[in-house]
1. Specify which of the listed residues (S186, S171) is hydroxyl-bearing (S, T, Y) and within 26 Å of L95 (Cα to Cα).
2. Report, by residue number, each residue of region 180-193 that is surrounded by 20 or more Cβ atoms within 10 Å (Cβ to Cβ) and either without any contact (Cβ under 8 Å) to a residue 60 or more places away in the chain or among the hydroxyl-bearing types (S, T, Y) (or both).
3. What's the number of the only condition in (1) touching an Asp or Glu at 6+ places or on another chain (Cβ under 9 Å); (2) surrounded by 13 or more Cβ atoms within 10 Å (Cβ to Cβ) that G163 fails to meet?
4. Which residue is surrounded by the most Cβ atoms within 10 Å (Cβ to Cβ), if the candidates are limited to region 194-227 and must be touching a residue at least 60 places away in the same chain (Cβ under 8 Å) and under 10 Å from G156 (Cα atoms)?
5. Please state which of the following conditions V121 fails to meet, knowing it meets all the rest: (1) at pLDDT 95 or above; (2) in a helix (DSSP H, G or I).
Amino acid sequence: MDGSQGGMAEAPLEPAAVRRFLSDNPEFLTGDDGLLGELGLKVAAGNVVDFGPAVMARVHAAHQREADQRQQIEETARANFSAQAQTHGAVVDVLDSRNHSDLARRVDDLARTRFGLAAGVIALETDGLPPAGWKQLVEGQVDMILGGPQRLARMGFAPTALGLFGEAAGSIKSMAMVRMAMWEPSRQGLLAFGSPDEDGFTPDMGTELVAFLARVVERTAERWPIL
């Protein structure tokens with residue numbers, strides 16, 4: 001073997017070269033029944049290669065992909081519409097609150113009945129007792145739970161937040177938590193929802209609807225002074 005030739009890499013086969021070869025030598029394809037079968041082709045009358053089966057298979061596959069994508073888009077749209085409708089209904093429930101205690105009860109109730117979650121909680125950083133039904137946090141605990149003073153929300157599972165959910169903590173597999181600031185001077189708080197499903201809240205989920213609900217809870221809580 002020639003050493004200079006043995007060290008050379010074989011040149012890649014260009015599609016244009018294949019096309020020229022088949023054009024100049026049509027019998028190479030039309031005369032090879034085995035190759036035609038592997039390609040899903042057949043020779044029709046007049047010695048013309050019939051691409052029907054292969055083309056139809058590709059068209060069917062493309063149509064199926066399009067149908068699957070359309071179905072995914074429709075399912076996502078329905079889920080988003082349902083979530084928005086439930087959130088708007090939850091807002092009405094929150095606005096009907098009569099006091100801080102009733103607000104906390106309504107948040108937990110809407111979490112369970114409207115959203116199918118394990119619990120809904122309002123927490124407040126305070127040296128004294130929080131409003132009845134609210135969870136007490138120490139100063140700086142909101143930052144710790146959310147992962148820093150710049151974070152406004154956190155989705156997913158946070159072991160440091162399990163204490164928020166009291167007796168329901170054992171069933172919590174994922175959380176949605178949003179920072180709140182209420183009254184003047186501002187007091188830090190959290191609106192937190194717990195799901196029994198590991199995929200109920202994931203880090204890649206948007207926080208817009210939960211954050212919107214947190215703003216409503218903030219404004220509602222400010223109707224009554226904090227003692």
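The values are calculated or read from the model by the stated rules, or taken from the named source; none is laboratory data. Since the model is a prediction, treat every value here as computed from it, not as a measurement. Methodologically, a virtual Cβ is constructed for each residue, glycine included, from the backbone with ideal geometry; neighbour enumeration extends over all protein chains shown.
1. After ruling out the rest, the residue left standing is S186.
2. M180
3. The single condition G163 does not satisfy is (1).
4. In this case the residue turns out to be G194.
5. It fails just one condition, (2).
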